[in-house]
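Below is one structure, written out as C-alpha cells, with a few remarks after it.
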Amino acid sequence: MNNTDKLAVLIDADNAQPSIVDDLLTEIANYGVASVKRIYGDWTLPGLKGWKDVLLQHSIQPVQQFAYTKGKNATDSAMIIDAMDLLYTDKFNGFCIVSSDSDFTKLASRIRETGLLVYGFGEQKTPSAFVSACDKFIYTEVLRAKTDESQAITKKSSSELKQDTKLVSLLRNAVEASSDESGWSQLAPVGGNIAKQAPDFDPRNYGYRKLGELVVAVKLFELEERQVGDGNSKTLYVRDKRKK
C-alpha cells in the first residue's frame with residue numbers, strides 16, 4: 001500500500017448510499033489517489049436523485065446504464081466492462097469497488113491476478129465470497145459511524161473480545177507468525193499478517209480506531225514501546241502473554 005498509488009474508484013449506485021461518499025473518499029485517500037471516479041446506475045430512476053449534489057461536489061463521473069430487462073442488473077455489467085478496459089490501460093496500481101453485490105467477486109479476483117490491489121467497500125451483508133476476493137474490505141457502516149452518531153459502533157469490552165474466538169485466534173496467529181525467538185513482534189507486521197488472513201479485518205469493526213488499541217483491550221498480549229534508530233522514533237512491540 002502506497003498513498004501515491006493511482007486508483008480507479010468504481011461505485012455501484014444501486015448498492016451504495018450518497019451519505020458515505022465524503023468518508024469513502026477520505027478512506028480511499030489512505031490507500032492512494034483516486035485518479036478515476038465513476039458511478040454507475042440508471043439515472044432516469046427517481047431512487048438515484050439523491051446522488052446529484054454529491055457527484056458534483058466530488059467530481060464523480062456518472063455513467064448512465066439503462067435497465068434493459070427486468071431482473072437483470074445491467075449496471076453490474078457496465079461496471080465490469082469499464083473495469084477491464086481500465087485494467088488494460090496499465091495506468092493504475094489498484095481498484096476500489098464500492099458495492100455489496102457478490103457479482104463483483106470474479107472481477108476482484110481477475111484484477112488481483114494481474115498483481116494489482118483491490119479495495120472493496122460494502123455493507124456488512126456483503127457475501128463473504130466478494131469480501132475474500134479483495135485485498136482489503138471496509139464495511140461502510142464504519143464510514144457512516146464517523147459522521148453519524150446514531151450509526152456509531154459500540155466499543156466491545158475486554159470480556160466480549162476474549163470470547164470472540166475468531167478474533168483471538170486471528171491475533172495470536174498473526175503475532176506468532178511475525179515474532180522473533182523471544183516471542184516479540186513489531187505491531188506493523190502483525191497488522192500486515194492479519195490483512196492477508198482476513199481482508200475485512202478492521203479494529204473499527206470492534207469500536208477501536210487502531211490495531212494497538214484493540215490489542216490492548218483484548219488483554220491477552222503484552223505491549224512494549226521501544227526506541228529505534230537514533231532514539232527519536234518509537235515502535236510498538238507485542239507478545240502473547242502465554243509466551244512468558
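Only one entry in 155, 162 is part of a loop (DSSP other than H, G, I, E, B) and either hydroxyl-bearing (Ser, Thr, Tyr) or in contact (Cβ under 8 Å) with a residue 24 or more places away in the chain (or both), namely 155. Contact map, segment 110-124: residues that are without any contact (Cβ under 8 Å) to a residue 24 or more places away in the chain paired with residues that are among the aliphatic types (A, V, I, L, M), Cβ distance under 6 Å, separation 6+ or inter-chain. Pairs shown: 112/118. Scanning segment 160-171 for any residue that is of a type in the set (S, T, N, Q), in the same structural domain as residue 214 (by TED's automatic domain parsing) and farther than 16 Å from residue 242 by Cβ turns up at least one such residue. The residues of segment 95-138 that are surrounded by fewer than 21 Cβ atoms within 10 Å (Cβ to Cβ) and of a type in the set (S, T, N, Q), listed by number, are 102, 105, 109, 114, 124, 128, 132. Regarding segment 203-210, can at least one residue be identified that is free of Cβ contacts under 8 Å to residues at least 60 places away in the same chain and surrounded by fewer than 18 Cβ atoms within 10 Å (Cβ to Cβ)? Yes, segment 203-210 contains a residue that is free of Cβ contacts under 8 Å to residues at least 60 places away in the same chain and surrounded by fewer than 18 Cβ atoms within 10 Å (Cβ to Cβ). Go through 236, 167 for me and flag whichever is buried (at least 19 other Cβ atoms within 10 Å of the Cβ), of a type in the set (A, V, I, L, M) and within 24 Å of the chain's Cα centre (by Cα). The unique qualifying residue is 167.
Only a single criterion out of (1) part of a loop (DSSP other than H, G, I, E, B); (2) surrounded by 15 or more Cβ atoms within 10 Å (Cβ to Cβ); (3) modelled with pLDDT of 90 or more is not satisfied by residue 25, namely (1). Any residue that is at pLDDT below 90, exposed (fewer than 14 other Cβ atoms within 10 Å of the Cβ) and aliphatic (A, V, I, L, M) - is there at least one of those in segment 151-162? Scanning segment 151-162, I find at least one residue that is at pLDDT below 90, exposed (fewer than 14 other Cβ atoms within 10 Å of the Cβ) and aliphatic (A, V, I, L, M), so the answer is yes.
Residue under question is residue 218, and the condition is that it be under 29 Å from residue 129 (Cα atoms) and either of a type in the set (Asp, Glu) or touching a residue at least 60 places away in the same chain (Cβ under 8 Å) (or both); does it hold? Against the criterion (under 29 Å from residue 129 (Cα atoms) and either of a type in the set (Asp, Glu) or touching a residue at least 60 places away in the same chain (Cβ under 8 Å) (or both)), residue 218 qualifies.
No other residue among 32, 47 is assigned by TED's automatic domain parsing to the domain that holds residue 101, out of contact with any His (no Cβ under 7 Å at 6 or more places or on another chain), free of Cβ contacts under 8 Å to residues at least 60 places away in the same chain and not aliphatic (A, V, I, L, M) apart from 47. Against the test of being more than 19 Å from residue 134 (Cα to Cα), part of a helix (DSSP H, G or I) and not hydrophobic (A, V, I, L, M, F, W, C), the options 19, 35, 77 yield a single qualifying residue, 19. Filtering segment 35-62 to residues that are touching a strand residue (DSSP E or B) at 6+ places or on another chain (Cβ under 7 Å) and either closer than 12 Å to residue 121 by Cβ or among the polar types (S, T, N, Q) (or both) leaves 35, 59, 61.
The values are calculated or read from the model by the stated rules, or taken from the named source; none is laboratory data. If you're wondering where the values come from, they're calculated on a predicted model, not measured in any experiment. Counting neighbours? That spans all protein chains shown, and the Cβs are built from the backbone with ideal geometry, glycine included.
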